[in-house]
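Each reported figure results from applying straightforward, stated rules to the coordinates on display, with no laboratory input. Since this is a predicted model, take the numbers as computed values, not measurements. Glycine also receives a Cβ, built like all others from the backbone with ideal geometry; neighbour counts cover every protein chain displayed.
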Amino acid sequence: MKYALIGCGRIAVNHIKAALNNKLDIISVCDIDLSHIDVLFEKTKFKDVYESKNVNIYIDYKEMIEKCPEIELVAIATDSGIHAEIAKYCIKKGKNVIIEKPMAMSMSDCEEIIELAKEYNVKVSVCHQNRFNLAIQEMRKALETGRFGKISHGSINVRWNRGKDYYDQASWRGKWESDGGCLFNQCIHGIDLLRWMMNDEVDEVYGVTKQQFHHYIECEDIGMAVIKFKNGAIGTIEGTVNVFKENLEETLYLFGEKGTCKIGGKSTNNIDFWNFSDCAIDDDKNKNLQEETSNVYGNGHTALYADVIDAIKNDRKPYVDAVAGRNAVEMILAIYKSSYTGQPVKLPLKNVASIDFIGMF
């Protein structure tokens, strides 16, 4: 399957590795800054691919799509603010798309991407790769087989560190139009997991965001929320980049009538607590499950790519589809709106965008 990557910055290493692991035919890469591609060469085996094959390099994604009509799958790993613009262009050209999180910065763009994917009959997946973590898959299996019983509540805590040097690496970071704050950039994977585990249906969101230490950015450096789910469960969210002096944890809790699970590690990659009223063959293994990762992005990109490739070949919905991407964006925009208005926000959310909150701090 012929593949192209748009955006060759920090996360692109994971995309190229996933493409290579899945034996995709990488025919084009694109970035407005060619130095990013040089760095990508050094961090992956992509340099060997480039030197052995005729891989095209572009600085204009539209030119790349026009000149390489054979492309079947495009990954978009640019700054967040232009994900939707690029995705819509590629979809209209009949390309299947993997979009880095967040899918978009507005509800209208999310809804348009979903509708365009249907209209042009292409597959769209959003890169919430932590759904493929071994620990997360075990929690999901226990949930789907009813081992938790009735769910009482759950929480996600993303307690990380990001300093000025991080924001100085790219001009788009920490801005309402192009990035959002810690909820959009760092916490969105955990928010996706919490909503997914709670069956996606949300009634009401009450959130508070603050800018405590990062006064050189536009957005929040801490956000907290209480979520009322339609199944009667309650959820809490804590996302921050204010942890001194390094990343502490990304921890997901799920509490049910018949089971309790805590998934921890730096990217929800370890099972820290696993206890159920019944017994299953994998319980002893799961109580000590730890998945080694080289960074906070985890290992899920390769599995997500494999799923998208299979979805294209077998004409089925991807495991993490555009609706999943929309749902995560909706949760964050609802928290922003609640914090901005001081009132709980009912879902579904309509006509809300990150730029609505310019000047909040």
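For the peptides 245-255, 278-288, 70-80, the ranking by mean Cβ contacts within 10 Å, running from highest to lowest, is 70-80, 245-255, 278-288. Counting only alpha carbon atoms, the long axis of helix 300-314 and the longest principal axis of the chain meet at about 70°. Counted by neighbouring Cβ atoms within 10 Å, the residues 243, 205 run from fewest to most as 243, 205.
Helix 322-341 and the long axis of the chain differ in direction by around 60°, with both axes built from C-alpha atoms.
Note on the chain: helix-only mean residue ellipticity at 222 nm, from DSSP H runs of 4+ residues weighted -39500 (n - 2.57) and normalised by residue number, equals -10000 deg cm²/dmol. Close amide H partners of residue 56, meaning residues 5 or more places away or on another chain with modelled amide H under 5 Å apart, are 28, 29.
The count of lysine pairs in region 220-361 whose Cα atoms are under 13 Å apart, excluding pairs fewer than 8 places apart on the same chain, comes to 5. Put simply, the amide H of residue 289, placed in the peptide plane, has neighbours under 5 Å in 271, leaving out anything fewer than 5 places away on its chain. For region 296-342, the Stokes-Einstein estimate of translational diffusion at 10 °C and a viscosity of 1.306 mPa s comes to 124 µm²/s, using the Kirkwood hydrodynamic radius over alpha-carbon pairs. Let me know the number of lysine pairs in region 34-131 closer than 13 Å at the Cα, not counting same-chain pairs under 8 apart. Close lysine pairs under the 13 Å cut-off: 13. The three principal axes of the C-alpha atoms in region 1-143 carry coordinate ranges of 46, 34, 26 Å, sorted with the longest axis first. Computed from the C-alpha gyration tensor, the three semi-axes of the ellipsoid equivalent to region 259-361 are 33, 22, 15 Å, from longest to shortest.
The alpha carbon radius of gyration of region 259-303, expressed as a multiple of 2.2 N^0.38 Å, is 1.28.
Within the listed set 337, 92, 123, the residue fluctuating most in the Gaussian network model of the chain (springs between alpha-carbon atoms under 10 angstrom) is 92.
For region 158-217, the Kirkwood estimate of hydrodynamic radius, built from reciprocal distances between every pair of different alpha carbons, is 13.3 Å. With the convex hull drawn over the C-alpha atoms of region 53-112, the volume per residue is 87 Å³. Largest first and in whole Å, the equivalent-ellipsoid semi-axes of region 178-333 read 26, 21, 19, each the square root of five times a Cα gyration tensor eigenvalue. Only Cα sites of region 110-224 enter the Debye sum here, all with the same form factor; the resulting log10 I(q)/I(0) across q = 0.17, 0.22 1/Å is -1.06, -1.26, listed in q order.
Cα centroids of region 7-43 and region 131-149: 32 Å apart. Here the chain is treated as a sphere whose radius is the Kirkwood value from Cα pairs; by Stokes-Einstein at 25 °C and 0.890 mPa s it diffuses with a coefficient of 118 µm²/s. Computed from Cα atoms, the angle from the helix 188-197 axis to the main principal axis of the chain rounds to 50 degrees.
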